[in-house]
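The structure appears below as structure tokens.
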């Protein structure tokens, strides 16, 4: 277990390092001069030189890279090319909004997805199962920016029930959460169904059935826990995509989170900010998946056993 | 696929069940015949054929150009403008058709790059193993530790918008997935008896790969790349929607949706958003269902619940 934990943590750290490196060199090799983004094409060369020096942009690649890495380790993601504001300050102010949306969405997605998955697995092959699964495949194929206008059309333009943009209070969260949760809920439902049906084929379930337990009791008490293990992994991966999906959703609903600010930064060509957002989201994504992998190990007796065997063999 | 599998050092099991020894013993004509018995596949193929035909024909026969606005703004559908005009005066029908050209071009073009690179890398890693394999697996592990749309967004933000950069961004983020799949499949084929047999009779690596491994990879590659095309088309539309993909007046479906939505004209003319949305969703669904059907037909013993 400890060996696994150490290996997993080392891998996570290397991943984060790799992501920081990739983002650094992509920005370093970016076409055009960052000073042109900051000051426009016709600017005082002295001002530009002073600004470049202040931000270390006149340094050669390797020292700049080392400085960048050490800054990232200290939580400093650089400054915006647009207004010199510290990127970590911008994110500190806006990330809580994005995180709140993402957490609420993943909780809703889990509740809906697992419920639908169980219902479908209780009646496999029936019209109910088929139509639920067809609906879920459709949900996976619908991009965020197609679901959102549909919801706005129904809830704002036709019913006048919900605000179509802005932030503050639960009413503003309902539609964004529905949009964000749709895809993960669909994935979780498909995963729950598949994994539950797989577990129901196991011998101990046959034993339980032979003992005369009711099918509902078998599913809810004996089959659900092992079946939900792979679902946790799906939820973890979905969570990362949810954070990335906030770009579109926050933009559509004018929500003052990280995603919306990034979209504004695209038109300002402020790639330093995008770089900072990418590193932040990647660190969170890696951290969540690390926690989930460890949880999986702790919860799944088979994975634990496999781990000891592999440990003994090597 | 679980993150556990990705990080373990144990060679991964092949995807689904063990592949049929000669998966492509089913001849292409047989595959087509079986596909035609599959209702979802038939509908998908019809949708895709219709899309291709409209994409080619409409811009040729229409009196309007996709980038030259008319004087009539926000027209309802009429005999002249079959799907009406938008808030700039563009004919929507022509723009949807050119948008279809773009989507299919990007979807299929990017996927071709992904297939070539992914197959090459996965094949070499799986067949030869060793440090090349370790390097590839570590690298793809890294890529998987990162939501690919985020990487695509970063690439577009740094390189700037435009079709060439869309291609680059989506190809760079797409190939690792296929490489892993091909590697796993190659690994499971490499030590099979019929490969050993050809090695014993003196076949070279090149000839074993060409005559035995590649044909057996075809099934996996065809299914995965059909499903991938759907993902690429959505990613392209997303980048364009965010304003970092193709630029106006290119009528990418994603861009048409964001223009209509952000200008607010869609409130009184919902078709401005929903025509391109319907085109996008139908195309994506068609590729998804076709991919699923191909898996059912080509790999009948495969795990269908995945």
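The values are calculated or read from the model by the stated rules, or taken from the named source; none is laboratory data. All values derive from a computational prediction rather than experimental measurement. Methodologically, a virtual Cβ is constructed for each residue, glycine included, from the backbone with ideal geometry; neighbour enumeration extends over all protein chains shown.
Listed values, structure above:
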quantity: Residues of the range B:279-295 satisfying the condition of being within 9 Å of another protein chain (Cβ to nearest Cβ) and within 17 Å of residue B:95 (Cα to Cα); calculated: B:280, B:281
quantity: In the range A:208-248, the residues that are without any contact (Cβ under 8 Å) to a residue 40 or more places away in the chain and at the interface with another protein chain (Cβ under 10 Å from one of its Cβ atoms); calculated: A:230, A:244, A:247
quantity: Top-ranked residue of the range A:66-100 - restricted to ones that are over 22 Å from the mean Cα position of the chain (by Cα), in a helix (DSSP H, G or I) and in contact (Cβ under 8 Å) with a residue 12 or more places away in the chain, ranked as surrounded by the most Cβ atoms within 10 Å (Cβ to Cβ); calculated: A:68
quantity: Residue in the range A:52-65 that is under 25 Å from the mean Cα position of the chain (by Cα) and in a helix (DSSP H, G or I) present; calculated: no
quantity: Helices (runs of 4 or more DSSP H) (entirely within the range B:195-306) containing at least 1 residues that are buried (at least 21 other Cβ atoms within 10 Å of the Cβ); calculated: B:214-241, B:253-263, B:271-298
quantity: Candidates A:10, A:3, A:36 - the one that is under 26 Å from residue B:141 (Cβ atoms), loosely packed, with under 15 Cβ neighbours inside 10 Å, within 14 Å of chain B (Cβ to nearest Cβ) and more than 26 Å from the chain's Cα centre (by Cα); calculated: A:3
quantity: Options A:171, A:208, A:189: the member that is assigned by TED's automatic domain parsing to the domain that holds residue A:133 and closer than 24 Å to residue A:134 by Cβ; calculated: A:189
quantity: Out of B:157, B:171, B:164, B:97, sole residue that is at pLDDT 90 or above and within 14 Å of chain A (Cβ to nearest Cβ); calculated: B:164
quantity: Conditions (1) without any contact (Cβ under 8 Å) to a residue 40 or more places away in the chain; (2) surrounded by fewer than 17 Cβ atoms within 10 Å (Cβ to Cβ): number failed by residue A:153; calculated: (2)
quantity: Residue A:184 vs. criteria closer than 20 Å to residue A:134 by Cβ and touching a residue at least 12 places away in the same chain (Cβ under 8 Å); calculated: yes
quantity: Exclusive hit being over 18 Å from residue B:113 (Cβ atoms) and touching a helix residue (DSSP H, G or I) at 6+ places or on another chain (Cβ under 6 Å), set B:189, B:239; calculated: B:189
quantity: Count - residues of the range A:253-274 that are more than 7 Å from chain B (Cβ to nearest Cβ) and over 16 Å from the mean Cα position of the chain (by Cα); calculated: 12
quantity: Tally, over the range B:263-278, of residues that are under 14 Å from residue B:88 (Cβ atoms) and at the interface with another protein chain (Cβ under 9 Å from one of its Cβ atoms); calculated: 1
quantity: Some residue of the range B:124-137 being within 11 Å of chain A (Cβ to nearest Cβ) and in a helix (DSSP H, G or I); calculated: no
quantity: Flag for residue B:187 being closer than 19 Å to residue B:112 by Cα, more than 12 Å from chain A (Cβ to nearest Cβ) and buried (at least 17 other Cβ atoms within 10 Å of the Cβ); calculated: no
quantity: Unmet requirement for residue A:30, which otherwise passes all of (1) assigned to a helix (DSSP H, G or I); (2) under 21 Å from residue B:159 (Cα atoms); calculated: (1)
quantity: Any hit, the range A:103-116, residues being over 30 Å from residue A:280 (Cα atoms) and surrounded by 21 or more Cβ atoms within 10 Å (Cβ to Cβ); calculated: yes
quantity: The range B:57-78 residues that are within 16 Å of residue B:251 (Cβ to Cβ), paired with ones that are surrounded by 11 or more Cβ atoms within 10 Å (Cβ to Cβ) and at pLDDT below 85 (beta carbon under 7 Å, 6 or more apart); calculated: B:64/B:70; B:69/B:88; B:69/B:89; B:70/B:89
quantity: Selected residue [more than 17 Å from residue A:100 (Cα to Cα) and surrounded by fewer than 19 Cβ atoms within 10 Å (Cβ to Cβ)] from A:268, A:193; calculated: A:268
quantity: Filter result for the condition that a residue is surrounded by fewer than 24 Cβ atoms within 10 Å (Cβ to Cβ) and more than 7 Å from every other protein chain (Cβ to nearest Cβ), over A:292, A:284; calculated: A:284
